[in-house]
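Asks: Structure provided below as C-alpha cells; questions to follow.
The values are calculated or read from the model by the stated rules, or taken from the named source; none is laboratory data. Computed from a predicted structure; not experimentally measured. In this analysis, Cβ positions are derived from the backbone assuming ideal geometry, glycine residues included, and neighbour counts consider all displayed protein chains. Accessible surface is based on the protein model in full, side chains and every heavy atom, while ligands, DNA and RNA are left aside. Shrake-Rupley method; radii C 1.70, N 1.55, O 1.52, S 1.80 Å.
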Amino acid sequence: MDLPLNIVIGNVISLIAGIFIIISMWVNDEKQAYKHQFLNAFILMISSMFFFSWTGVVTMAIAASRNLMVYKDKLTFRWTVFFIVISIVLGVLVNTMGFVGLLPIIAIVQITLCNYYLKTIKKIKIGFIVNSAIYIVYFLAIWDFASAAIESFTAMVGVVALARLLMSKDNA
C-alpha cells in the first residue's frame, strides 16, 4: 500500500475509534467511561499501523490493556508502575518519529497516573481532557486528521460534560 491509501484507511478506522472516545467523555459512570476508553484504544492501535506509527501501536496496545484492568478494578500500584515502565521502554524503542513519537508516551504516562490516582468522575474527566489535548497535537503531526478532529470534538464534549456535572444539583 502506498502512503496516501494508508492515510485514508487509517483515518476511517480512527473515525470509528472516535465514536468510543466521545461516548467515554459523555458518560458519568466511571466503569462505562473506561469500557469505551478500552474500545477506543484497541481500535486506534489498529489505525496506528496504517500511519506507520509504531509508538502509537505499542502505546495503544498498552492503553487498551490498562483500560481493561481499570474497567475490571484490577489496576493496582504495581500494575500502574508496570504500565508506565513498559510504556516508556517500548515506546522509546519503537519511536521513529523523534519528539512527535514521544507524545503518545507522554500521554499514556499521564493517563495511567490518572487511572490510578483519580477516582471521581470530575477528576477523571479533567484527566481525559488533558490527554485529548496531547493527542490532538500528535494526531495532527502524523496526518491522522480524523482522530485530531474527533479528539478536538471530544475535548469540547468533555468540557461541556464537566461543566454540566459541576453545575448539577448533585454537585452541591
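Asks: Considering only residues that are polar (S, T, N, Q) and open to solvent by less than 60 Å² (accessible area, probe 1.4 Å), look in region 27-54 and name the one that is nearest to Phe83 (Cα to Cα).
Replies: Checking each candidate, the answer is Gln37.
Asks: Here is a further query. Give me a count of the residues in region 121-138 that are out of contact with any Gly (no Cβ under 7 Å at 6 or more places or on another chain) and in contact (Cβ under 8 Å) with a residue 24 or more places away in the chain.
Replies: 9
Yes or no, residue by residue, for (1) among the polar types (S, T, N, Q); (2) open to solvent by 10 Å² or more (accessible area, probe 1.4 Å):
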site: Leu5; (1), (2): no, yes
site: Ser14; (1), (2): yes, no
site: Met25; (1), (2): no, no
site: Gly56; (1), (2): no, no
site: Ala61; (1), (2): no, yes
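Asks: Could we say that Lys125 is in a loop (DSSP other than H, G, I, E, B), basic (Lys, Arg) and within 18 Å of Phe38 (Cβ to Cβ) here? Step through it out loud before you land on a result.
Replies: Values: in a loop (DSSP other than H, G, I, E, B): no; basic (Lys, Arg): yes; within 18 Å of Phe38 (Cβ to Cβ): yes.
For Lys125, the condition - in a loop (DSSP other than H, G, I, E, B), basic (Lys, Arg) and within 18 Å of Phe38 (Cβ to Cβ) - is not met.
Asks: Okay, next question. Would you confirm whether or not region 150-168 contains a residue that is acidic (Asp, Glu), closer than 30 Å to Val8 by Cβ and not in a helix (DSSP H, G or I)?
Replies: no
Asks: Exactly one condition in (1) more than 12 Å from the chain's Cα centre (by Cα); (2) surrounded by fewer than 21 Cβ atoms within 10 Å (Cβ to Cβ) is not met by Ile142; state its number.
Replies: The failed condition is (2).
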